[in-house]
1. Please report, ordered by residue number, the helices (runs of 4 or more DSSP H) entirely within the chain with at least 2 residues that are small (Gly, Ala, Ser) and modelled with pLDDT of 75 or more.
2. Can you name the residue in segment 44-63 that is closer than 19 Å to residue 74 by Cα and among the polar types (S, T, N, Q) and, of all such residues, is surrounded by the most Cβ atoms within 10 Å (Cβ to Cβ)?
3. Do you know which of the residues in segment 26-43 that are surrounded by 14 or more Cβ atoms within 10 Å (Cβ to Cβ) and of a type in the set (A, V, I, L, M, F, W, C) is nearest to residue 74 (Cα to Cα)?
Amino acid sequence: MTGAVQVQKWTCALAAPINNATLIVMGLLYGNRDFEKSIVTTVLGGWDADCTGATSGSVAGMMLGANALPDKWMGPFMRGS
């Protein structure tokens, strides 16, 4: 019985990256080059929402460039400059 439980956990661990990648791609596609919408859409997919949202935001930010990011997202980081 212990072996069966370990196999199930191992299989589940292998499936997580597939689920996460699928949610990230979905968020980026449905976000339609909108930084915030990409993140929100990805997070609303559930599962590992903190990681998928962060990755979706990173990729969207890279695609759009720093100058295209909304002030409300950049403001807290720009206060010191």
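The values are calculated or read from the model by the stated rules, or taken from the named source; none is laboratory data. All figures in this text were calculated on a predicted structure; none of them were measured in a lab. Here Cβ is always computed from backbone atoms with ideal geometry, including for glycine, and neighbour counts include all displayed protein chains.
1. Working: elements: 2-31, 35-44, 49-64, 71-78.
Hits in the chain: 2-31, 49-64.
2. 56
3. Here is the first cut: in segment 26-43, the residues surrounded by 14 or more Cβ atoms within 10 Å (Cβ to Cβ) are 26-28, 30-31, 34-43.
Right, trim to of a type in the set (A, V, I, L, M, F, W, C) and you get 26, 28, 35, 39-40, 43.
Numbers: 26: 24, 28: 19, 35: 12, 39: 15, 40: 16, 43: 19 Å.
Among them, the one singled out is 35.
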